[in-house]
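Enquirer: Got a structure here, written out as structure tokens. Questions coming.
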Ligand code: GLN
């Protein structure tokens with residue numbers, strides 16, 4: 001079945017003219033039309049633009065051009081600016097915003113020949129873990145329509161899980177690629193901070209935000225990262241490094257691989273079903289020749305509190321630009337300039353975004369800066385040092401991606417702290433700027449479970465290898481929710 005094929009298979013079928021890019025785009029657009037009313041994974045779909053891009057890819061293929069992603073459909077999280085196609089960031093504030101330029105990532109994937117089908121739903125300004133904060137309504141988890149897909153890249157995750165598209169982009173500030181990948185049974189990679197340009201990626205917390213690939217398998221993610229990564233002078237934190245082929249280590253055997261298991265990731269708070277699936281995955285790794293050792297990240301318990309000082313602080317500053325003056329929503333009636341600002345922001349932002357702006361403004365205010373913001377920065381340093389220490393003893397770290405499988409709508413939305421804790425295993429990775437990967441490793445109560453693989457800075461190729469060898473030995477990543485098979 002073509003809609004379940006890997007990117008490599010799709011590329012081969014296109015190159016051999018067994019299918020055209022227009023046929024492929026049409027097939028997925030038809031699936032979107034059929035299933036999106038149920039899932040709400042897309043905010044915007046542009047059939048005409050997609051088919052025009054597919055025709056262009058077919059012309060290139062017809063001229064004998066070959067490239068690993070040429071002619072393959074994809075979707076972008078609606079946080080990436082797309083020239084001429086609206087970019088909402090899941091907010092009423094930007095519901096009418098059409099960017100005059102493409103994000104670096106969008107540009108790179110287009111140059112690689114990929115065909116954009118549309119823009120995926122997400123939590124408002126990427127603040128959330130369940131997609132319930134989106135102005136455009138919640139996304140449903142294809143594995144169980146009464147449950148959340150995770151967030152904030154929940155639209156991208158649900159779209160791939162139901163195979164409405166073979167691949168998508170996501171962004172991860174505290175877990176937003178890995179957590180929805182885990183809850184929807186996908187592979188998702190948050191690269192090392194600075195590997196993927198943030199240009200044109202709407203800012204939430206700039207020192208933590210990082211774009212990355214989401215797809216069925218590690219091999220697919222490696223191919224996507226090859227196109228997404230790379231230096232961009234328009235992002236001051238983009239790293240100037242020699243280009244890498246992230247597929248180069250995929251087949252390397254795992255003999256002698258040292259896997260560190262942070263004891264803090266296996267303590268109380270993890271569901272039994274998640275624990276069982278993760279333990280079974282670790283047993284599989286041992287069969288594949290790896291060795292597991294216990295390590296410790298003593299300060300990791302401070303990561304959620306530190307994050308909820310730093311991320312809101314940066315968000316309060318980044319979101320100051322939405323004032324109704326230059327673009328986005330503007331209140332219809334107002335007395336004067338201040339009233340216009342106030343009404344615009346009161347109307348344009350949802351409750352979670354307002355909560356973050358209030359917290360961020362508070363922790364940055366004079367008199368509290370040292371007690372909260374500065375303290376959180378110091379904790380961040382300690383967390384990064386813990387990882388550096390752990391990586392002296394092992395090649396990668398493993399543990400659960402999330403403490404539980406997909407939860408029900410409304411289950412955590414009334415309790416922000418319960419919601420924030422769904423990122424308890426992912427946030428430390430962002431604070432340290434490290435790469436993190438989530439792969440499907442089984443089911444708990446019929447719902448997918450994610451295994452998190454964390455590597456040292458720039459170890460993406462090795463991590464993808466570690467994931468790929470496991471995916472050759474197991475078939476969790478090929479399972480599909482029945483209704484969408
Ligand atoms: N769930 C976390 C938050 O709400 C992380 C979100 C993200 O990674 N964008 O901030």
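The values are calculated or read from the model by the stated rules, or taken from the named source; none is laboratory data. As the structure is a computational prediction, the values presented were derived from the model and not from experiment. We place every Cβ from the backbone using ideal geometry, glycine too, and count neighbours over all the protein chains shown.
Enquirer: Here are 52, 12: which of them is free of Cβ contacts under 8 Å to residues at least 40 places away in the same chain, more than 28 Å from residue 475 (Cβ to Cβ) and in a helix (DSSP H, G or I)?
Expert: Details: 12 fails: more than 28 Å from residue 475 (Cβ to Cβ).
That would be 52, the only listed residue that is free of Cβ contacts under 8 Å to residues at least 40 places away in the same chain, more than 28 Å from residue 475 (Cβ to Cβ) and in a helix (DSSP H, G or I).
Enquirer: Right, here's the next one. When the residues of the range 212-267 are narrowed to those that are touching a strand residue (DSSP E or B) at 6+ places or on another chain (Cβ under 7 Å), without any contact (Cβ under 8 Å) to a residue 60 or more places away in the chain and within 17 Å of residue 464 (Cα to Cα), which ends up surrounded by the fewest Cβ atoms within 10 Å (Cβ to Cβ)?
Expert: Looking at residues that are touching a strand residue (DSSP E or B) at 6+ places or on another chain (Cβ under 7 Å), without any contact (Cβ under 8 Å) to a residue 60 or more places away in the chain and within 17 Å of residue 464 (Cα to Cα), I get 212.
Enquirer: Residues in the range 67-74: is at least one assigned to a strand (DSSP E or B) and in contact with a strand residue (DSSP E or B) (Cβ under 8 Å, 6 or more places away or on another chain)?
Expert: Scanning the range 67-74, I find at least one residue that is assigned to a strand (DSSP E or B) and in contact with a strand residue (DSSP E or B) (Cβ under 8 Å, 6 or more places away or on another chain), so the answer is yes.
Enquirer: Another one. From the list 192, 173, which one is within 12 Å of the ligand (Cβ to nearest atom) and either on the phi > 0 side of the Ramachandran plot or touching a helix residue (DSSP H, G or I) at 6+ places or on another chain (Cβ under 9 Å) (or both)?
Expert: The match here is 173.
Enquirer: Just checking: which of the helices (runs of 4 or more DSSP H) contained wholly in the range 392-485 hold 2 or more residues that are closer than 21 Å to residue 217 by Cα and at pLDDT 95 or above? Step through it out loud before you land on a result.
Expert: Details: elements: 416-420, 427-432, 460-473.
By residue number, 460-473.
Enquirer: Taking the conditions exactly as written (free of Cβ contacts under 8 Å to residues at least 24 places away in the same chain and at positive phi), does residue 64 satisfy them or not?
Expert: yes
Enquirer: Taking residue 99 as meeting all but one of (1) within 16 Å of the ligand (Cβ to nearest atom); (2) under 24 Å from residue 315 (Cα atoms); (3) out of contact with any strand residue (DSSP E or B) (no Cβ under 6 Å at 6 or more places or on another chain), write down the number of the exception.
Expert: All conditions pass for residue 99, except number (1).
Enquirer: Something else about it: Based on what the data block shows, is residue 164 away from the ligand (no atom under 13 Å from the Cβ) and within 21 Å of residue 103 (Cα to Cα)?
Expert: Here the answer is no, as residue 164 does not meet what is asked.
Enquirer: A further question follows. Any chance the range 311-322 includes a residue that's away from the ligand (no atom under 15 Å from the Cβ), closer than 15 Å to residue 127 by Cβ, assigned to a helix (DSSP H, G or I) and in contact with a helix residue (DSSP H, G or I) (Cβ under 9 Å, 6 or more places away or on another chain)?
Expert: Yes: the range 311-322 contains one or more residues that are away from the ligand (no atom under 15 Å from the Cβ), closer than 15 Å to residue 127 by Cβ, assigned to a helix (DSSP H, G or I) and in contact with a helix residue (DSSP H, G or I) (Cβ under 9 Å, 6 or more places away or on another chain).
Enquirer: Limited to the range 257-289, what total is found for residues that are in a loop (DSSP other than H, G, I, E, B) and under 24 Å from residue 417 (Cβ atoms)?
Expert: Residues in the range 257-289 being in a loop (DSSP other than H, G, I, E, B) and under 24 Å from residue 417 (Cβ atoms): 5 in total.
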